[in-house]
Amino acid sequence: MPVIALVGNPNTGKTTLFNALTGLSQKVANYAGVTVEKKEGTCHDQHGKLMRVLDLPGTYSLSARTPDEVIPRDVLLGRRADTAKPDCVICVVDASNLERNLYLAVQVLDLGIPAIVVLNMMDVAEARGLKLSAAALQERLGVPVIPMQANTRQGMERLRVAMSQAELPLAKPGVHPLALREALAKARERLDGEGTTHGSLTLTGTASLLCSLGPDGSDAVADIEAARELMDHDCPGWEEKLVSSHYKRIGELVRDATEQQAAGGPTATDKLDRALLHPILGWVILGGLMTGLFATIFSVAAVPMDWIDAGFGWTADWVKTWMAEGDLRDLLTDGVLAGVGSVVIFLPQILLLFFFIGLLEDTGYMARVAFIMDRLMGLVGLNGRAFIPLLSSYACAIPGIMATRTIANPRERLITILVAPLASCSARLPVYVMMIGVLLPGGTGDVWMKVAFMLGLYALGTVGMFLFAWLFHRRLRSGSGSAMILELPPYRVPALRAVLLRLWERARVFVTQAGTVILVISVLLWAATSYPKPADGDDTDRLTQSIAGQLGKTIEPLIEPLGYDWKMGIGLIASFAAREVFVSTMSILYRADDPADDEGTRPLQTLLREQKRADGSPLFNGKTCLSMLVFYVFAMQCMATLAITRRETNSWKWPLFQFGYLTVTAYLAALLVYQGAGLLGY
């Protein structure tokens, strides 16, 4: 099967093109040895031949200087044992910013791999007053050049025709100055016979980041450093000369391909940025968007949530009607359906959150959020680029921590990894919604109060993130800070198909998790609450005598100052597998001895509000609910995040520190809320 690699700068529509080519026939994993996302899919060319497509991480150059930039270079050079060297490369170029994008394209074409250049976002270029000639650029480069609009699939057929060619022509080679060519040829002997272009790419990269060097990697790095010293001696300033040579060629290409220059007036993007990047109005707009997002999550999602709840309730009633009493029936109704159903019910809210995030990303607004946040991030020792991984962490901390590989400064990268779990991820959303629903039992009239609570929780986590980033910046003095250089892409209409594809992937992952981790834990919890069976059929203290009850009673003195009983303690422990497991745990434990729930499955929030303490007072009173919410704002409670931190830092020191400081902070914050509210007479 032929292998085709998509390469391009960030924000060129490369992933949109990948989704258009592959549709649902794609899979996402990580490259072996590194947590950099690896996207693969299959598509058919014009003749129906099956092809394998790789979506390589976005990069501005093959001269790798950050870990994520190493991947495209090494895949194209055939250095990765886990990824086949591409038979063809599709260079995706932003037509509205041709000169900057062609730098990467020229480097790729010089590798001697069959290639196709895609001039994407032609509509944006035309809106800016640019008229480009794909034919002229094709003549100068010697490879097919296809004008496209990937978001509307315009130009897709021409691309498939080009992909169907049996043998694509190789690009016309670029010519470097004589002194530079001679110096590169002399250094070639140090690099085990690599060609001139391959050698220049290796030399201009950061030697310590070289990938796929095998067991003798240290020797290879030493050879590269020796070759660099030789280049410095024979051709002083060779790196600048190499870049200058590329840009000289690019300037000629752009002049030949541009038939009409851009108009001088402000574009629609410029006009929107005057408001969205305003130092005051920009924050107001951002706050309004977040408020609207959470209001939608609480209001629009209510209907499908009711459907899901009714569906699981009907299924439980059906099982009770057609199955005889016994452990198997109890396992299905009180274990599987109660546990999984109590989490799946929040799927509409999670999907709405991801849908809005996808829209904001595809419009280009997320880059503006990073720009707005740059000054604030600077106060805590980071820059706006660190906000992109932190912003991703509001969906899930795992890809957020993985995204820190784009941060070149090691100190800033470590700080970002340590504070990323403080972003309230989507796994916390079921816990937040459940506890807010217990605290505020009103109907739609309380929507805005619930929105205010939700915004407050997200704000509390964000403040904690900045506070700890500032503290770590004060302690981790090694290295210097870095300035942010960030591209602000033009605003564009989001590709709904691409957004829905990502939404489908998120839904699949969530349901898969509900069908594995949550299901397994639900079954284990049911067993722990059901066994050992009480003697002589005495059910009066059945739950307390169970395995879960005995474990919970053991840890109860530790959590009692927070306002929690032993069942909540079991929920805290179980949720370390995944935060949303807390909801299924509460459902199983509090339904286990609920005599009023024999005829059906009552809403979990109603069940929790009816729980009483030994003195007859409500168990889930206001201060207990607030204490629990604050605990989950700060708590680590995620085993997978710790594993990613271990992998990214290559040490157990930092994940253990991360778990320790977040757990202590969560406990002390929850203690302060509960005891402080008690002292105030609440």
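The values are calculated or read from the model by the stated rules, or taken from the named source; none is laboratory data. It should be emphasised that the depicted structure is a prediction, and the values quoted were computed from it without experimental measurement. Glycine also receives a Cβ, built like all others from the backbone with ideal geometry; neighbour counts cover every protein chain displayed.
Condition test on Gly445, is it part of a helix (DSSP H, G or I) and either at pLDDT below 85 or touching a Lys or Arg at 6+ places or on another chain (Cβ under 7 Å) (or both)? Before you say what the answer is, go through the steps one by one.
Numbers: part of a helix (DSSP H, G or I): yes; either at pLDDT below 85 or touching a Lys or Arg at 6+ places or on another chain (Cβ under 7 Å) (or both): yes.
Here the answer is yes, as Gly445 does meet what is asked.
Applying the selection to the range 321-330, what residues are part of a helix (DSSP H, G or I) and at pLDDT below 80? So that I can check it myself, show each step before the final result.
First pass over the range 321-330, keeping only residues part of a helix (DSSP H, G or I): 321-322, 327-330.
Hits for the range 321-330 are Asp327, Asp330.
Name the residue, out of Arg508, Arg477, that is at pLDDT below 75, surrounded by fewer than 16 Cβ atoms within 10 Å (Cβ to Cβ) and not hydrophobic (A, V, I, L, M, F, W, C).
Numbers: Arg508 fails: at pLDDT below 75.
Criteria check complete, one pass: Arg477.
If you filter the range 625-682 down to residues that are of a type in the set (S, T, N, Q) and over 23 Å from Val463 (Cβ atoms), you find that the one that is surrounded by the most Cβ atoms within 10 Å (Cβ to Cβ) is Thr649. Every test in (1) part of a helix (DSSP H, G or I); (2) in contact (Cβ under 8 Å) with a residue 12 or more places away in the chain is passed by Arg375 save one, and that test is (2).
Just one of the listed residues (Ala275, Ala302, Ala295) is farther than 29 Å from Arg368 by Cα and either outside the structural domain of Lys131 (by TED's automatic domain parsing) or touching a strand residue (DSSP E or B) at 6+ places or on another chain (Cβ under 6 Å) (or both), and it is Ala302.
Might you check whether a residue that is in a helix (DSSP H, G or I), free of Cβ contacts under 8 Å to residues at least 12 places away in the same chain and surrounded by 13 or more Cβ atoms within 10 Å (Cβ to Cβ) occurs anywhere in the range 250-260? Step through it out loud before you land on a result.
So in the range 250-260, the residues in a helix (DSSP H, G or I) come out as 250-257.
Next cut, free of Cβ contacts under 8 Å to residues at least 12 places away in the same chain only: 255.
Those left that are additionally surrounded by 13 or more Cβ atoms within 10 Å (Cβ to Cβ): none.
For the range 250-260, residues in a helix (DSSP H, G or I), free of Cβ contacts under 8 Å to residues at least 12 places away in the same chain and surrounded by 13 or more Cβ atoms within 10 Å (Cβ to Cβ): absent.
In the range 395-411, which residues are surrounded by fewer than 24 Cβ atoms within 10 Å (Cβ to Cβ) and either within 12 Å of the chain's Cα centre (by Cα) or not polar (S, T, N, Q) (or both)?
Narrowing the range 395-411 to residues surrounded by fewer than 24 Cβ atoms within 10 Å (Cβ to Cβ): 395-396, 398-399, 402-403, 405-406, 408-411.
Within the range 395-411, Ala395, Cys396, Ile398, Pro399, Met402, Ala403, Arg405, Ala408, Pro410, Arg411 meet the criteria.
Going by the structure shown, is Ala105 surrounded by fewer than 21 Cβ atoms within 10 Å (Cβ to Cβ), in the same structural domain as Val175 (by TED's automatic domain parsing), part of a helix (DSSP H, G or I) and small (Gly, Ala, Ser)? Against the criterion (surrounded by fewer than 21 Cβ atoms within 10 Å (Cβ to Cβ), in the same structural domain as Val175 (by TED's automatic domain parsing), part of a helix (DSSP H, G or I) and small (Gly, Ala, Ser)), Ala105 does not qualify. Among the residues of the range 256-281, those identified as over 34 Å from the mean Cα position of the chain (by Cα) and either among the acidic types (Asp, Glu) or modelled with pLDDT of 85 or more (or both) are Asp256, Glu259. If the condition is being at positive phi and either modelled with pLDDT of 80 or more or within 13 Å of the chain's Cα centre (by Cα) (or both), then the range 349-394 contributes only Gly364. Would you check if Gly339 is modelled with pLDDT of 85 or more and surrounded by 18 or more Cβ atoms within 10 Å (Cβ to Cβ)? So Gly339 does not fit the description; no.
Take the conditions (1) modelled with pLDDT of 85 or more; (2) touching a helix residue (DSSP H, G or I) at 6+ places or on another chain (Cβ under 9 Å); Asp87 misses just one of them, which is (2).
Candidates in the range 617-648 are the residues that are modelled with pLDDT under 85 and in a loop (DSSP other than H, G, I, E, B); of these, the one that is farthest from Ala670 (Cα to Cα) is Cys638.
Scanning the range 110-147 for residues that are under 30 Å from Leu77 (Cα atoms) and assigned to a loop (DSSP other than H, G, I, E, B) gives Asp110, Leu111, Gly112, Ile113, Pro114, Met121, Gly142, Val143, Pro144.
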